[in-house]
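**Student:** Could you have a look at this structure, given as C-alpha cells, before my questions?
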Amino acid sequence: MDTAVRLVVLSVIFLASEINCQEAILHISNGNTEKDYCIVHNHSWTPLPQRLDNATQYPLVNLTSTLLCSKAGISPDALTGKAVVVMRGDCSFSQKALVAQSLGATALLIASNKTMVTPSANESEYAKVHIPLALMRYRDFLEAQQVLGEDMQVKLYAPPHSKIDPSIAVMLLIAVVTVALGGYWSGACERKRSEERKREERGRERCNVRDRLNNVAMGGAGDNKADSGELFLYSPLKVVVFVALMCGMLVLMYYFYNVLVYVIIVIFCLASASALFSCLDAVMEKIGCGTISFSIRNWNFSVRSLVLAAVCISIAVVWGVYRNEDRWIWILQDLLGIAFCLNFMKTISLSNFKICVILLSLLLVYDVFFVFITPFFTKNGVSIMVQVALGPDATGEKTQGNMVEVPAEPQPPSEKLPVVMRVPRFSAWAQNLCAMQFSILGYGDIIVPGLLVAYCSRFDVLVNSRKKVYFASCCIAYLLGMILTFAVMLLSGMGQPALLYLVPFTLITSAVVAGCRREMRQFWAGTTYEVLDSSREPLLPEGRTDNCVEGEKC
C-alpha cells in the first residue's frame, strides 16, 4: 500500500512538473524518408498536439515566393486542407494566418531568415485565428526540399518537457562522487604522511641524533608544503586576499571576456591535463600497476608515466580543438573537470576549521552577491556570475518569461569558460532540436565544500576515527545541500547560488559532529604538522645534512 501511494505521489509530481514549451517539432516525410526540424510557436495562441501519433498529417504547399499578406493571385483550391509555408515579412503573423485560414489552409508555417521569436499578436487577433501557426528556419525548408523533394507531408507537435530532467540526477551524482573521492584521497594522503612521520621518528631514535625537524603549529608563519605536494592554507589574511582576487578576476572577466577567455582556456588545458595525470597515476599505483623504467643519457623515464602523459595531453588537446562541439565534447569537459576538482581538493588543504569557516563564509557572500545583487547594476539585468559562466555572446535559445528566441542561421561558435560541469537535458527533445540545452554546475560548487570535506577526512585520520564520522557526515550534508539547491532551482525556475545552501549544511553539520564528540577545540584549531624548515637546518660536521636511513650508523 505504501509503495502504491509513493508511486502515485511521484507520478503526480512528475506530471505537475511538465510544462508546455514554445519550441515544437515539424515532422516532414515523403513516404520513404522522415526528418524533424525545429519550429517556434505560441502555445497559448495556437496549441499543438503533444505527441506525434496525435498530430494530423497535411500535404505541404510551397508558397515561399509570396508573403501571403493578401489573397491576390492565390487560388483557394490550392490550399484547402493543406499546410502552407510562406516567407516572413511586410505584414503581421496574425494577418498571414487570417489570409491562410480564409483560403482553407489547415496550418501555416512562416519561413524566417531572422531570429525566430514566439509569434504574438494583439489580444483581439488571438480569437480570430483557428489554425496552427509556427515559425521555421528558411534554411531548414530548403534542406527538406533537397532531401525529401516537393511531395512533402508534415505534422506539427509540441512534446512537453519536465522540469525534473534526468540530467539533474547525473549532475548530482557527479558532484557527490567527486567530493567524496576528493575527500577520501586527501585522507589517504594524510594517513600515508602520518605513517611516514612515524617511521622517521623510529629512524631518528635508532640513529640517536637530536631531532632537527621544527614542529611548527598550523598557525605558524608561512604556507606549509608537505612532502606529498599539498599546500596548507592557514592564514585568515591570505584567505581574505584570495577571495578578493577571485572577485577582481570575475569583474575583469565580465569586462574583458573576449580576451581573457582564451587565457583561461589555455590554463585549463594545462591544469586539467596535469590533474588527470595525477588522478590516473594514483589509480595505477593503487591497483599495483608496475612501472618499467629506462634511461637515456642519464635521464630516467617510466613507461607508465609516458603513456599516461600522452593520454592526458591528447584528451586535453582534443577538448581544446573541439571545445565548441556541444553534442559530445561535454563528456571530455566533465572528465577533465572532475580530475581538476579532485586534484585541487587533494593539493590545497585547509589547516583547521577556523580557516574553513572564514573561507566558506566569504565565498558564500561572494556567490550570493554576484548572482542576486549584481543584476541591479548590469545593463542587461543579467548577473555577472551567469554572464561570465555562459558567455556574453552565447548562441542558442534565450528565454525571457514566455518569449523564446532561436537563431534562424548558423551562428559563429561562442567561447565559454571551461569552469562548469555540463550535462545535456535529456527530456528536452524539442529544445535540443532547436539549440542544445544543458544543466550546468560550477566547479566552485564542488571544490569549495570539497575542501571542508577533505579537512574532515584528514581530521578523521588525525583523531583515529575508524568509522570516518566527520567525513561521512559532511558528505551526507553535501548531498542534502545539493538536493535542496536543485529543489529550489526547480521551484523558482531560475539558477541558484549553490553555496547559499551547501555552506550552511556542511559547516553546521561538521560543527555539530565535533560538538557531540567533544572535540570542537581540537577541530577548530587543527593539529600540528611536522614540516621541514630548510633555512634553519644545520649541517653535520661532514658538511652534509642528516638523512639517516634505517640501518645506517650515524
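The values are calculated or read from the model by the stated rules, or taken from the named source; none is laboratory data. Please read all numbers here as calculations on a predicted model, not as lab measurements. Neighbour counts run over all protein chains shown; Cβ positions are idealised from the backbone, glycine included.
**Student:** Restricting to the range 476-526, and then to whatever is of a type in the set (Val, Ile, Thr) and surrounded by fewer than 17 Cβ atoms within 10 Å (Cβ to Cβ), can you tell me which residue is nearest to the chain's Cα centre (by Cα)?
**Tutor:** Ranking the candidates gives Ile483 first.
**Student:** If we scan the range 261-284, do we find a residue that is out of contact with any helix residue (DSSP H, G or I) (no Cβ under 9 Å at 6 or more places or on another chain), closer than 30 Å to Gly187 by Cα and in the same structural domain as Ser510 (by TED's automatic domain parsing)?
**Tutor:** yes
**Student:** Among (1) crowded, with 18+ Cβ neighbours inside 10 Å; (2) within 21 Å of Leu26 (Cα to Cα), which single condition is Ser65 missing?
**Tutor:** Exception for Ser65: condition (1).
**Student:** I've got another one for you. Give me the residue from the range 341-389 that is among the aromatic types (Phe, Trp, Tyr) and farther than 24 Å from Arg521 by Cα and, out of that set, surrounded by the most Cβ atoms within 10 Å (Cβ to Cβ).
**Tutor:** Applying the filter and picking the extreme gives Phe370.
**Student:** Further question on the same structure: Starting from residues that are buried (at least 22 other Cβ atoms within 10 Å of the Cβ) and in contact (Cβ under 8 Å) with a residue 60 or more places away in the chain, keep the ones in the range 84-117 and report whichever is farthest from Leu68 (Cα to Cα).
**Tutor:** Met116
**Student:** Which pairs have Cβ atoms under 6 Å, sit 6 or more apart or on different chains, and link a residue in the range 432-448 that is closer than 16 Å to Pro418 by Cβ to one that is aromatic (Phe, Trp, Tyr) and surrounded by fewer than 20 Cβ atoms within 10 Å (Cβ to Cβ)?
**Tutor:** Ile447/Phe344
**Student:** Further question: Pick from Ala487, Ala477, Ala498, Ala454: which is in contact with a Ser or Thr (Cβ under 8 Å, 6 or more places away or on another chain), within 30 Å of Gln387 (Cβ to Cβ) and at pLDDT 85 or above?
**Tutor:** On inspection, the qualifying residue turns out to be Ala498.
**Student:** What number of residues within the range 285-304 satisfy the criterion of being over 21 Å from Gly182 (Cα atoms), in a helix (DSSP H, G or I) and either out of contact with any helix residue (DSSP H, G or I) (no Cβ under 7 Å at 6 or more places or on another chain) or touching a residue at least 40 places away in the same chain (Cβ under 8 Å) (or both)?
**Tutor:** Of the residues in that region, 1 qualify.
**Student:** Does Thr378 satisfy the condition of being modelled with pLDDT under 85, more than 19 Å from the chain's Cα centre (by Cα), in a strand (DSSP E or B) and hydroxyl-bearing (Ser, Thr, Tyr)?
**Tutor:** Taking the combined requirement at face value, the residue does not satisfy it.
**Student:** In the range 59-79, what residues are more than 19 Å from His41 (Cβ to Cβ) and hydroxyl-bearing (Ser, Thr, Tyr)?
**Tutor:** Ser65, Thr66, Ser70, Ser75
**Student:** To continue, here is another question. Only one of these is under 24 Å from Leu172 (Cβ atoms) and either out of contact with any strand residue (DSSP E or B) (no Cβ under 9 Å at 6 or more places or on another chain) or surrounded by fewer than 21 Cβ atoms within 10 Å (Cβ to Cβ) (or both): Arg323, Arg327. Name it.
**Tutor:** Arg327
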